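Structure, as structure tokens:
The values are calculated or read from the model by the stated rules, or taken from the named source; none is laboratory data. For clarity, every value in this text was computed on a predicted model and none was experimentally measured. So basically every Cβ, Gly included, is an ideal-geometry build from the backbone, and we count neighbours across all protein chains shown. What goes into the accessible areas is simple: the full protein's heavy atoms, side chains included, and nothing from ligands, DNA or RNA. Shrake-Rupley method; radii C 1.70, N 1.55, O 1.52, S 1.80 Å.
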Amino acid sequence: MKEIRDINMLAIESSCDETAAAVVHNGREVLSNIISSQIDLHKLYGGVVPEIASRKHIEKINQVIEEALKEADVTLDDIDAVAVTYGPGLVGALLVGVAEAKAIAYARNLPLVGVHHIEGHISANYIEHPDLEPPFLCLVASGGHTHLVLVRDYGNYEILGRTRDDAAGEAYDKVARAIPKIDRIAKEGNPDAVSFPKAHIEGAEYDFSFSGLKSAVLNYINGCKMKGESYDPADIAASFQKAVVEVLVEKSMKAAENSGIYKFAIAGGVASNTALRAAIKQACEERQIRFFHPSPVYCTDNAAMIGAAGYYEFLAGTRHGWDLNAVPNLKLGER
Ligand code: ZN
């Protein structure tokens, strides 16, 4: 008989503009990880169009799941449970994954485990670091989120800080419209060329704010244009990046020192930004903090991370019913 802890999880993620499915064995071994991205499609419109995202998810999801099973060399007979992102995200996009997961789980009489998207991002760190166990701290930075999280235990999270306005990735995207290829050209620029403001928030030492910085960069560029002055996009990219990275590193390290937890992980799309990763790695080394980060493929939205998170939720007894619904503003730690 199969041991209860030996679990092949079929995981589904469709919260934004990637349709993804994966098969994950015991939360840490990725048997397959298929991602169908809509990014190029949405680029035509300058941002993710929710209606188009939902429609594309519907078109792709069956194919993506079939590929995931095929690549893992398993069939639905080998699957023990189904995990799916049910929030936060775009409601129409989430619904496609949730409906699909419910249909498969119902038809196959399998347990259904709803997963929080951020919990997925954090759990991406388990995939390539077999020795990583809670408690640890995690900075989750992506297009939609900037969270500093204390992972007390599997499935047990305390949000220490979050962004008050724009996510770090959102500020990046907006600035990148004025300065394309920002991560690459920033390497060639002078990070001290322009001094951009770093927001500090009274009474909330771990919270972030990036909208002021974003506006300052865009105003600086417009000012130069209006005065007919030339500017070096590489210098602005480097200076902007320095301001973002410094705030993220400073608050992250303060949290590590104050909590006395000397394991630090990063996650989310911005975690694959080379400057941020290098700066946090160095700051951790200086303080003898162990540093963890996922490979870029597990930083972007993917389903393997949902399979990792889903496994620990499953072990903790989380089971969702056929009434599981998409929750666009789901809070971390809610069930
Ligand atoms: Zn994400």
**Fill in**
Checking 61, 12 in turn, the sole residue that is more than 16 Å from the ligand (Cβ to nearest atom), open to solvent by less than 20 Å² (accessible area, probe 1.4 Å), touching a strand residue (DSSP E or B) at 6+ places or on another chain (Cβ under 7 Å) and within 24 Å of residue 119 (Cα to Cα) turns out to be 61
**Complete:** Per the filter on the stretch 90-118, residues part of a loop (DSSP other than H, G, I, E, B) and touching a strand residue (DSSP E or B) at 6+ places or on another chain (Cβ under 9 Å) are 110, 111
**Request:** Among the residues of the stretch 223-257, write down those that are in contact with a Cys (Cβ under 7 Å, 6 or more places away or on another chain) and among the acidic types (Asp, Glu).
**Result:** none
**Prompt:** Residues that are open to solvent by 30 Å² or more (accessible area, probe 1.4 Å) and closer than 17 Å to residue 116 by Cβ: which strands (runs of 3 or more DSSP E) entirely in the stretch 127-225 hold 1 or more of them?
**Reply:** 146-153, 156-162
**Out of 81, 93, 105, sole residue that is within 16 Å of the ligand (Cβ to nearest atom) and either among the hydroxyl-bearing types (Ser, Thr, Tyr) or open to solvent by less than 30 Å² (accessible area, probe 1.4 Å) (or both)** = 93
**Item:** Members of the stretch 34-55 found to be open to solvent by less than 30 Å² (accessible area, probe 1.4 Å) and either away from the ligand (no atom under 14 Å from the Cβ) or of a type in the set (S, T, N, Q) (or both), listed by number
**Value:** 34, 36, 38, 42, 54
**Request:** At least 3 residues that are surrounded by fewer than 16 Cβ atoms within 10 Å (Cβ to Cβ) and on the phi < 0 side of the Ramachandran plot in each: list the helices (runs of 4 or more DSSP H) lying fully within the stretch 229-335 that qualify.
**Result:** 233-259, 274-286
**Fill in**
Pairs returned, first residue in the stretch 115-144 that is more than 12 Å from residue 308 (Cβ to Cβ) and away from the ligand (no atom under 16 Å from the Cβ), second residue that is assigned to a loop (DSSP other than H, G, I, E, B) and open to solvent by 10 Å² or more (accessible area, probe 1.4 Å), beta-carbon separation under 8 angstrom, 6 or more apart or interchain, are 134/154; 135/261; 136/261; 137/261
**Prompt:** When you look at residue 66, is it open to solvent by 70 Å² or more (accessible area, probe 1.4 Å), away from the ligand (no atom under 16 Å from the Cβ) and either in contact (Cβ under 8 Å) with a residue 12 or more places away in the chain or hydrophobic (A, V, I, L, M, F, W, C) (or both), yes or no?
**Reply:** no
**Residue identified as under 28 Å from residue 293 (Cα atoms) and among the β-branched types (Val, Ile, Thr) among 91, 74, 96, 82** = 82
